[in-house]
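Notes follow the structure.
Here, each number is a calculation from the coordinates, and none is a lab measurement. Note that the structure is a prediction, hence the values are computed from the model and not measured. Here the Cβ is made from the backbone with ideal geometry for all residues, glycine too, and neighbour counts use every protein chain on show.
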Amino acid sequence: MNVSELITLLQSFPPKAPVGVLTLIPSGVMIDVDTAPVVTVEQTLADDGTADAVWITGVGATGVNPPTLITWPCPCGELLTIDYHAPWPHDHDVHLNDITYRL
């Protein structure tokens, strides 16, 4: 995902809705879900001074629960939808390891 795509996605939500970071990583067969409120946006600069990457930074505890269902597009073309207590989709590991989404 790039900044333009992120802006387009965010335009569909209410302007006053709080923004948080939701991180999913495999923890054995289960999913480890971590959340934090967004507090800033940072960038990694390339050697020529341009933005190489943009980072959304979340710090602290959020007062809002994560979504019940979490959906993201797998690079293989399948839409993955899991719940908070679902097992990690290990059959997609080879695809997820190749993700080159830019944020």
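Could you derive backbone 3J(HN,Hα) for segment 63-78 from the dihedral phi with the Karplus parameters 6.51, -1.76 and 1.60 (θ = phi - 60°), listing whole Hz in sequence and x where the residue is Gly or Pro?
Result, ordered by residue: x, 10, 5, x, x, 5, 10, 10, 10, 8, x, 7, x, 6, x, 7 Hz.
Kindly provide the GluC sites (Glu not before Pro) of segment 1-101 that DSSP labels as loop, not H, G, I, E or B, and whose Cβ sees at most 16 other Cβ atoms within 10 Å.
E78
Can you compute the label reach from T8? Point 7 Å from Cα along the Cβ direction, backbone N cut-off under 15 Å, restricted to segment 70-90.
73
Regarding the chain, what's the average projected area of the Cα-atom convex hull, expressed in nm²?
8.1 nm²
Could you work out the relative contact order of the chain? I mean the mean sequence separation of Cα pairs under 8 Å and 6+ apart, divided by the number of residues, in percent.
Dividing the mean separation by the residue count of the chain yields 26 percent.
Please give the calculated 222 nm ellipticity per residue for the chain, where each DSSP H segment of at least 4 residues contributes -39500 (n - 2.57) and the sum is spread over every residue; nearest 500 deg cm²/dmol?
Here the helix-only value at 222 nm equals -2500 deg cm²/dmol.
Grab the Cα-Cα distance for H92 and T62, subtract it from 0.36 nm times how many residues apart they are, and report the gain in nm with one decimal.
Using 0.36 nm per residue and subtracting the Cα-Cα distance, I get 7.9 nm.
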